[in-house]
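Data first, discussion second: the structure below is written as structure tokens.
The values are calculated or read from the model by the stated rules, or taken from the named source; none is laboratory data. If you're wondering where the values come from, they're calculated on a predicted model, not measured in any experiment. Note that we place each Cβ from the backbone using ideal geometry, even for glycine, and neighbour counts take in every protein chain shown.
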Amino acid sequence: MSGLKTKLKILFGMRDDGDMTEPMNLMLLSSLAKKNGCLTDIWVMERDDLRDTIQKIKPDIIAFSGITGSHKYYVQAAHNIKEINPKIKVIVGGPHFTFFPGEILRHECIDFLCVGEGDDAWVEWTLAFANNGDTNNIPNIVSKENAQRVLTNPQSGNLILIGGLKNEGLKSVGNSVGMVDYVLNPAFMRGRKTNLDDLPFLDRGLVYDNTEFKYRYKRTIMASRGCPFRCTYCFEHQWNEMYRGVKNSGSIRQLYGVDRLISELEEFVGQYDTRFIKFYDDVFPPFPNPAEREWHQQFCEEYPKRIGLPFHVLTRCDLVVNLLDNHKLDILRDWKKAGMASVTMSIESGNPFIRDHVIIRDMTGNDINRAFKHAWDVGLTTFPNTILGIPAPLLPKVDDARFDDKMREVGRQCKILKEINHRKIDLQEVQKIAEQWFTDKYERRRYILNFLKSVGLREDFKSYDRESVKFTLAQRPGFPEFPILAPYPKTKATEWAIAIGAFDGNFEKLHASYQEVSYLDCYDDEYKKVMHNFELLGSFLSLFAGSRNRFMQWLNPYMQMLCLNYLAEITNSKAVRFYGWLYTTSKAYMHLTRIYPMRYSSWEKWRFFKQMTGLDFWKQFKERKKTKTILRSERPGQTLGGPPSL
């Protein structure tokens, strides 16, 4: 019992919302708690009655973790818990609560809040709580008692005043309400965990023995932590900035040892029926440094000998090309030999301006083309993500009566991008050249417009999104997803959207589902529906674009023309339901046969297909009912909640 005076009972709140990935964050926290002698259980929020669960388990602590969008449902659950039994302590964590620790002041139902990585803080806190010790001086843990000491408002620099808990933490953002930007003092944070091998194996029984995940034979694990890239739609860059001011912060990248990783795989493969492994790292090793290249060689030798199951990883196109060109390391071919069946290499935008200036992907179109072609040649199926609904400047037509006004707006937006992302397009220089070279007004305009089009600017939002879908399908993906941009707080993409008036800053209205219509005000309602059709039909079209069958390849350009130029424009409810059916059935089929191929009996195939299509229909249509909002699970990771996946 590791010196516990009281054997704590801890209940983890989980939403089984149709996501096919286990909540590894909760499984790790459970394992850490059990190591200290605690008892743990899980509450599936859609399935289990809260009052009955509390009466049965009698928990001392209930823990939640969430991203922005899901956070409000966990807060509501915390309110309900306090109404049933106010003695139960509620602790929350994850990306939303990390970036908005002031939530502990807004909601009396939250007793404790974890900021950043929760591994060591969680262990220390449970020990202190069980032994009636001091829970107010544990780095990373915010409480009602220590909040005025450890939280600050960087906008004013003032320490928080505890008075008025219910109303504290609100400010006006345009016509909406947002949260005051409180942050945890870096002096009250510990650095990242640097030795992952010290962590116990995940408590998979917590989830597998209590949910349908036991019969989802694809198991998920992570080989590393940390992403050093600066993609503006993701909070990882801000996460890294948060740790920059922390003493002994540790490096961004941390890896499990190959033997430690495969030993954990061996344990749960022997315990549970496992037929496919998905490595869910932000970026699976290797990066170009010598240590990760050596890790890669060892993994490719050990995995097929000790595990031998098909697997899937997430990597980046630029890494594939860099390692191949500069280190003569063909990671895709090595992984294929080791048993890999499919790979995720996210594209995120097929438009060069958005990719380079708005979302800062730090990779070229040539990198993407080469990496996907190489994957195709090696015989690997690809599973990319491409985000739709990313706002970008709109060019006027050459004969537009308001040409000069609209070009000034383009210049203003390019200036904002320079300030936010430090990327520059010298529009004034282009205009000067045009004035020197051309005397005719329309010739000058054509020169300017042609230059801006050459770097990726377009005349309408539809052109940006259609270009992204077509570019992605040109990579012959096994199955792509086309999520719509979610303006998550503390990201540069959201800062950009607010700066140009495309988003009002009200994060309270966000869902946690990526299968929602856009929240941005720059799109009218009709185009939001067209964008959603691009999302559904784009994925369906990979049935043809990603096929190696010659007849399907022949059909591909005709199907793209039909779907993207004509069907996407039909936005009545019957059409959208039909497109949703195309999406869900094709997704289930391609996941089953291309992305996660594994042995199935005929009955198991039918059960998988039925379950996946049913859950997907639920996500797409029932989530729009205000009384039945559904969520996507968080991206599992190193936090009490983990980073989200895009």
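Structure summary
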item: Pairs where the first residue, in the stretch 522-543, is free of Cβ contacts under 8 Å to residues at least 40 places away in the same chain and more than 13 Å from V576 (Cα to Cα) and the second is surrounded by fewer than 24 Cβ atoms within 10 Å (Cβ to Cβ) and not acidic (D, E), C-beta under 9 Å, 6+ apart; result: D525/V517
item: Residues of the stretch 31-90 satisfying the condition of being in a loop (DSSP other than H, G, I, E, B) and charged (D, E, K, R); result: E46, R47, D48, D49, K58, D60, K87
item: Selection count where residues are more than 29 Å from the chain's Cα centre (by Cα) and not in a loop (DSSP other than H, G, I, E, B), scope the stretch 93-146; result: 4
item: Some residue of the stretch 393-409 being surrounded by fewer than 14 Cβ atoms within 10 Å (Cβ to Cβ) and touching a residue at least 24 places away in the same chain (Cβ under 8 Å); result: yes
item: Hey, I425 outside the structural domain of A338 (by TED's automatic domain parsing), in contact (Cβ under 8 Å) with a residue 60 or more places away in the chain and assigned to a loop (DSSP other than H, G, I, E, B) or not; result: yes
item: Test for I67: is it assigned by TED's automatic domain parsing to the domain that holds G93, touching a helix residue (DSSP H, G or I) at 6+ places or on another chain (Cβ under 7 Å), of a type outside the set (S, T, N, Q) and at pLDDT 95 or above; result: no
item: Test: residue in the stretch 338-354 that is over 30 Å from K415 (Cα atoms) and either free of Cβ contacts under 8 Å to residues at least 24 places away in the same chain or part of a helix (DSSP H, G or I) (or both); result: yes
item: Residue under evaluation E569, criteria (1) at pLDDT 95 or above; (2) of a type outside the set (G, A, S); (3) in contact with a His (Cβ under 7 Å, 6 or more places away or on another chain), criterion not met; result: (3)
item: Among the candidates I84, I42, I54, residue that is under 24 Å from the mean Cα position of the chain (by Cα) and of a type in the set (A, V, I, L, M); result: I42
item: Residue pairs meeting the criteria (Cβ under 7 Å; at least 6 apart or on separate chains; first in contact (Cβ under 8 Å) with a residue 60 or more places away in the chain, in the stretch 589-607; second part of a helix (DSSP H, G or I) and of a type outside the set (F, W, Y)); result: M590/S542; M590/L543; H591/M612
item: Within the stretch 231-275, tally of residues that are at pLDDT below 95 and loosely packed, with under 15 Cβ neighbours inside 10 Å; result: 6
item: Of all residues making up the stretch 12-39, the number that are hydroxyl-bearing (S, T, Y) and under 22 Å from the mean Cα position of the chain (by Cα); result: 1
item: Any pair with Cβ under 7 angstrom, 6 or more apart, that starts in the stretch 243-264 at a residue that is in a loop (DSSP other than H, G, I, E, B) and ends at one that is of a type in the set (A, V, I, L, M); result: V246/M189; Y256/L196; Y256/A223
item: Flag for F284 being buried (at least 18 other Cβ atoms within 10 Å of the Cβ) and under 15 Å from A338 (Cβ atoms); result: yes
item: All positions within the stretch 190-213 that are outside any loop (DSSP other than H, G, I, E, B) and farther than 18 Å from G13 by Cα; result: L196, D197, D198
item: Hey, T491 surrounded by 15 or more Cβ atoms within 10 Å (Cβ to Cβ), touching a Cys at 6+ places or on another chain (Cβ under 9 Å) and at negative phi or not; result: yes
item: Filtered residue count, the stretch 539-561, keeping only those that are more than 31 Å from the chain's Cα centre (by Cα) and surrounded by 14 or more Cβ atoms within 10 Å (Cβ to Cβ); result: 3
item: Condition check for I500: of a type outside the set (S, T, Y) and surrounded by fewer than 21 Cβ atoms within 10 Å (Cβ to Cβ); result: yes
item: Exclusive hit being of a type in the set (K, R), modelled with pLDDT under 90, assigned by TED's automatic domain parsing to the domain that holds D16 and on the phi < 0 side of the Ramachandran plot, set K72, K89; result: K72
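Conditions (1) closer than 25 Å to K470 by Cα; (2) aromatic (F, W, Y), marked per residue:
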site: D318; (1), (2): yes, no
site: K328; (1), (2): no, no
site: W335; (1), (2): no, yes
site: I347; (1), (2): yes, no
site: G350; (1), (2): yes, no
site: I368; (1), (2): yes, no
site: G379; (1), (2): yes, no
site: F383; (1), (2): yes, yes
site: I390; (1), (2): yes, no
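Residues are listed down the side, and each one gets a yes or a no for (1) touching a residue at least 24 places away in the same chain (Cβ under 8 Å); (2) surrounded by 23 or more Cβ atoms within 10 Å (Cβ to Cβ); (3) touching a helix residue (DSSP H, G or I) at 6+ places or on another chain (Cβ under 7 Å):
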residue: H296; (1), (2), (3): yes, no, yes
residue: F311; (1), (2), (3): yes, yes, no
residue: C317; (1), (2), (3): yes, yes, yes
residue: V320; (1), (2), (3): yes, yes, yes
residue: K336; (1), (2), (3): yes, no, yes
residue: D356; (1), (2), (3): yes, no, no
residue: V378; (1), (2), (3): yes, no, yes
